[in-house]
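Enquirer: Got a structure for you, written out below as structure tokens; questions coming shortly.
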Amino acid sequence: VLRQKHHPDVCNLFFRVVCRHRRRHRLFSRMSEAEGQFYSVQVGDSTFTVLKRYQQLRAIGSGAQGIVCSALDSDLGVPVAVKKLCRPFQNQTHAKRAYRELVLLKCVNHKNIIRLINVFTPQKSLEEFQDLYLVMELMDASLCQVIHMDLDHERMSYLLYQILCGIRHLHSAGIIHRDLKPSNIVVKSDCTLKILDFGLARTACTNFMMTPYVVTRYYRAPEVILGMKYKENVDIWSVGCIMGEMVKGGVIFQGTDHIDQWNKVIEVLGTPSLEFMNRLMETVRNYVMNKPQYPGVSFAELFPDWAFPSDSEHDKVKTSQARDLLSKMLVVDPECRISVEEALNHPYIHVWYDPGEADAPPPQISDKQLEEREHSIEQWKELIYEEVIDWEERNKNGLMKEDSSGTNVIFIHFVSVLDISYKRYSQRKFGFNLILVS
């Protein structure tokens, strides 16, 4: 037992050092306890090799990032979603996305963000490591299946409120989702909603320029299309596109390619100001300024009254509020677009406001240098494998407990020659009372 008598950061640092030593020993040889715990089943064109506790696998979705099956967790008696990442080590980009998704899912904790239940790989060593499985909550449908239904203002505003709460939670930790679209949002029949897929999410960096191919084209913000620097409200544009699709029953900016997407935006919203143009790179600015000048369409014309529910005078008020919110989210210039906090306080959304949901404590990102990391495929592979081992150890042993004196303690269930050296080092360096138990 490691008793913490000094600053908690020192204790956490010590624990990470010891855990890293353990992981290094386990990276090349998994414990034999995993033997016989897995079975294989064919799902479409893919083979799922999963823990035996997950039965009745059935494909429910697929995409560039992976294949998702519904399953029954026989240990807990509850349905779950099992996601197999597609070729996570095909190249450095795939490997970094897999690492990013795993790290962010492990740290976020909000009712409107999908919850990670389990992480595993059937391979028993780093050398064999090829497949990564994420087990998450199972929802009833994606927003794709709901978005074109006739939604009244109550349901529409509640769905949007939940999206904004989830995004607010991410933004509070400097995490930008970057790939918000109906297929990355899931719902239940009771109208509860959760955001998923963090393979493209990243921590904010003021000097970062996003590739134009991040975010599915139809939901891509103008600053992304034009290769500009971006900030958190790049996600707000995507939310505006989703809301517009809810109202109109179809995609509102449906470009055929990257360039046509920009054309579709300015044809509807109008040519942006000269001040905006001056922030563009010269080659991009020349292209944009040589395009025809568009006055744009009014939001009353773009989203007419008949497109909204209008069964009562109350609905007419809500329609006006909804259109106003759209006009503040679908703004070409990100400097003039509202933030997630402002959207949550908008009259159309604020009726649902709950501080516990909208202002939940920010997630603690375990890897502060996540976006700055540049590694080889093998290095990313080792980092991901370490995260899987870390998950297993946390679930098996628990991280922190509290003894009767209220002192934070860490249980270390192993003894080795190096442990003795750590013990001596801790006594000499930090004055810890370290007790090792086998």
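Enquirer: Looking at Ala59, Ala98, can you tell me which residue is outside any strand (DSSP E or B) and in contact with a Gly (Cβ under 8 Å, 6 or more places away or on another chain)? Full working, then the answer.
Expert: Numbers: Ala59 fails: outside any strand (DSSP E or B).
Of the residues listed, the single one that is outside any strand (DSSP E or B) and in contact with a Gly (Cβ under 8 Å, 6 or more places away or on another chain) is Ala98.
Enquirer: Are any of the residues in segment 151-168 among the polar types (S, T, N, Q) and not in a helix (DSSP H, G or I)? First the steps, then the outcome.
Expert: So the first thing to find is which residues in segment 151-168 are among the polar types (S, T, N, Q), and the list is 157, 162.
From the residues that got through so far, the ones that are not in a helix (DSSP H, G or I) too are none.
No, segment 151-168 has no match at all.
Enquirer: Does any residue of segment 83-97 turn out to be over 15 Å from the mean Cα position of the chain (by Cα) and of a type in the set (Phe, Trp, Tyr)? Steps first, answer last, please.
Expert: Initially, segment 83-97 is screened for residues over 15 Å from the mean Cα position of the chain (by Cα), giving 84, 86-95.
Within this subset, residues satisfying the condition of being of a type in the set (Phe, Trp, Tyr) are 89.
Yes, because at least one residue in segment 83-97 is over 15 Å from the mean Cα position of the chain (by Cα) and of a type in the set (Phe, Trp, Tyr).
Enquirer: Could you list, in sequence order, the residues of segment 67-108 that are over 24 Å from Arg373 (Cα atoms) and surrounded by fewer than 18 Cβ atoms within 10 Å (Cβ to Cβ)?
Expert: Ser70, Leu72, Ser74, Asp75, Leu76, Gly77, Val78, Pro79
Enquirer: Check segment 224-244 and report whether any residue there is in a loop (DSSP other than H, G, I, E, B), free of Cβ contacts under 8 Å to residues at least 60 places away in the same chain and surrounded by fewer than 15 Cβ atoms within 10 Å (Cβ to Cβ).
Expert: No: segment 224-244 contains no residue that is in a loop (DSSP other than H, G, I, E, B), free of Cβ contacts under 8 Å to residues at least 60 places away in the same chain and surrounded by fewer than 15 Cβ atoms within 10 Å (Cβ to Cβ).
Enquirer: If we scan segment 249-256, do we find a residue that is buried (at least 20 other Cβ atoms within 10 Å of the Cβ), at pLDDT 95 or above and in contact with a helix residue (DSSP H, G or I) (Cβ under 6 Å, 6 or more places away or on another chain)? It would help to see each step written out before you state the result.
Expert: First, the residues of segment 249-256 that are buried (at least 20 other Cβ atoms within 10 Å of the Cβ): 252-253.
With at pLDDT 95 or above added as a condition, the list becomes 252-253.
Subsequent filtering for residues that are in contact with a helix residue (DSSP H, G or I) (Cβ under 6 Å, 6 or more places away or on another chain) retains 252-253.
Looking through segment 249-256, at least one residue is buried (at least 20 other Cβ atoms within 10 Å of the Cβ), at pLDDT 95 or above and in contact with a helix residue (DSSP H, G or I) (Cβ under 6 Å, 6 or more places away or on another chain).
Enquirer: Return the only residue of Lys84, Lys106 being charged (D, E, K, R), in contact with a strand residue (DSSP E or B) (Cβ under 9 Å, 6 or more places away or on another chain) and assigned to a strand (DSSP E or B). Walk me through it before giving the result.
Expert: On the way: Lys106 fails: assigned to a strand (DSSP E or B).
None of the others qualify; the one that does is Lys84.
Enquirer: Within segment 271-329, work out how many residues are more than 30 Å from Leu344 (Cβ to Cβ) and not in a helix (DSSP H, G or I). Steps first, answer last, please.
Expert: Initially, segment 271-329 is screened for residues more than 30 Å from Leu344 (Cβ to Cβ), giving 271, 274, 277-278, 280-295.
Those still in the list that are not in a helix (DSSP H, G or I) too: 271, 278, 280-281, 290-295.
Of the residues in segment 271-329, 10 are more than 30 Å from Leu344 (Cβ to Cβ) and not in a helix (DSSP H, G or I).
Enquirer: Residue by residue through segment 277-298, note down the ones that are within 34 Å of the chain's Cα centre (by Cα), within 30 Å of Ile147 (Cβ to Cβ) and surrounded by 13 or more Cβ atoms within 10 Å (Cβ to Cβ).
Expert: Hits for segment 277-298 are Gly296, Val297.
Enquirer: Any idea which of Pro295, Pro347, Pro304, Pro309 is farther than 16 Å from Ile167 by Cβ and touching a His at 6+ places or on another chain (Cβ under 6 Å)? If you could, list the steps in order and put the result at the bottom.
Expert: Details: Pro295 fails: touching a His at 6+ places or on another chain (Cβ under 6 Å); Pro347 fails: touching a His at 6+ places or on another chain (Cβ under 6 Å); Pro304 fails: touching a His at 6+ places or on another chain (Cβ under 6 Å).
It is Pro309.
Enquirer: Considering only residues that are among the polar types (S, T, N, Q) and modelled with pLDDT of 95 or more, look in segment 299-333 and name the one that is surrounded by the most Cβ atoms within 10 Å (Cβ to Cβ).
Expert: The first filter runs over segment 299-333 and keeps only residues among the polar types (S, T, N, Q), leaving 310, 312, 319-321, 327.
From what's left, modelled with pLDDT of 95 or more: 319-321, 327.
Values: Thr319: 21, Ser320: 15, Gln321: 18, Ser327: 17.
Residue satisfying both the conditions and the ranking: Thr319.
The values are calculated or read from the model by the stated rules, or taken from the named source; none is laboratory data. What you see is a predicted model, and the numbers here were worked out from it, not measured in a lab. In this analysis, Cβ positions are derived from the backbone assuming ideal geometry, glycine residues included, and neighbour counts consider all displayed protein chains.
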